[in-house]
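The values are calculated or read from the model by the stated rules, or taken from the named source; none is laboratory data. These numbers were taken from a predicted model, which means no experiment stands behind them. So basically every Cβ, Gly included, is an ideal-geometry build from the backbone, and we count neighbours across all protein chains shown. Surface accessibility is based on the protein's heavy atoms, side chains included, excluding ligands, DNA and RNA. Shrake-Rupley method; radii C 1.70, N 1.55, O 1.52, S 1.80 Å.
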Amino acid sequence: MVAGALPAPPIIRALPFGVVVALGPVAGLAAAVVLVLTIWVPAGVLAGVSFFLIGVGPIVWVISTATLRQTVTPRDLLGRASAISMTATGARPIGAALGALVGALYGAEMCLVVAALGFLVQALMILASPVRRLERQPEMVG
């Protein structure tokens, strides 16, 4: 994630803003697919590439989406918008429990496949959204 945070400002300056926002989910999907490949090709380099992608892409996404949220949310609502974002973070234990259940019932390999499907849904949602078409970061609202 540190490796992803360091080049984030030049990436954000170089690419259209909507592309930067889409990088996280697409990198997450790529990371999940590469990790699924380790089921058939158990190579440490594949796992390393996967962990690198899951570190770099999502941190650029977090930076860009936090910036987007802070620029389009009216000042008086920023606290509420940030609280909603933190609530989503609180859902992670539920995902972990579901992953444990899938793993217990169907094995670790199925967990990897289910995770990849989740990343696919996320990537498709962001790629279909109007956010992807943003050329630049929106101006700060009043």
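Quick notes on this structure:
- A single member of Val113, Val141, Val121 is open to solvent by less than 70 Å² (accessible area, probe 1.4 Å), at pLDDT 90 or above and of a type outside the set (Asp, Glu), and it is Val113.
- Among the residues of region 65-110, those that are of a type in the set (A, V, I, L, M), modelled with pLDDT under 80 and either open to solvent by 80 Å² or more (accessible area, probe 1.4 Å) or closer than 30 Å to Leu35 by Cα (or both) comprise Ile84, Met86, Ala88.
- Residues located in region 63-90, provided they are of a type in the set (Ser, Thr, Tyr) and either at positive phi or in a helix (DSSP H, G or I) (or both): Ser64, Thr65, Thr67, Thr71, Ser82, Ser85, Thr87, Thr89
- Candidate set: region 125-138, residues that are open to solvent by 100 Å² or more (accessible area, probe 1.4 Å) and assigned to a helix (DSSP H, G or I); chosen: the one modelled with the highest pLDDT: Met125
- Meets criteria (β-branched (Val, Ile, Thr) and either closer than 29 Å to Pro130 by Cβ or surrounded by 17 or more Cβ atoms within 10 Å (Cβ to Cβ) (or both)) for Val45: no
- In region 100-118, the residues that are farther than 20 Å from Leu46 by Cα reach residues that are open to solvent by less than 50 Å² (accessible area, probe 1.4 Å) with C-beta atoms within less than 7 angstrom, at least six apart or across chains, in these pairs: Val102/Cys111; Gly103/Cys111.
- Those residues of region 39-69 which are touching a residue at least 40 places away in the same chain (Cβ under 8 Å) and of a type in the set (S, T, N, Q), in sequence order: Ser64, Thr65, Thr67
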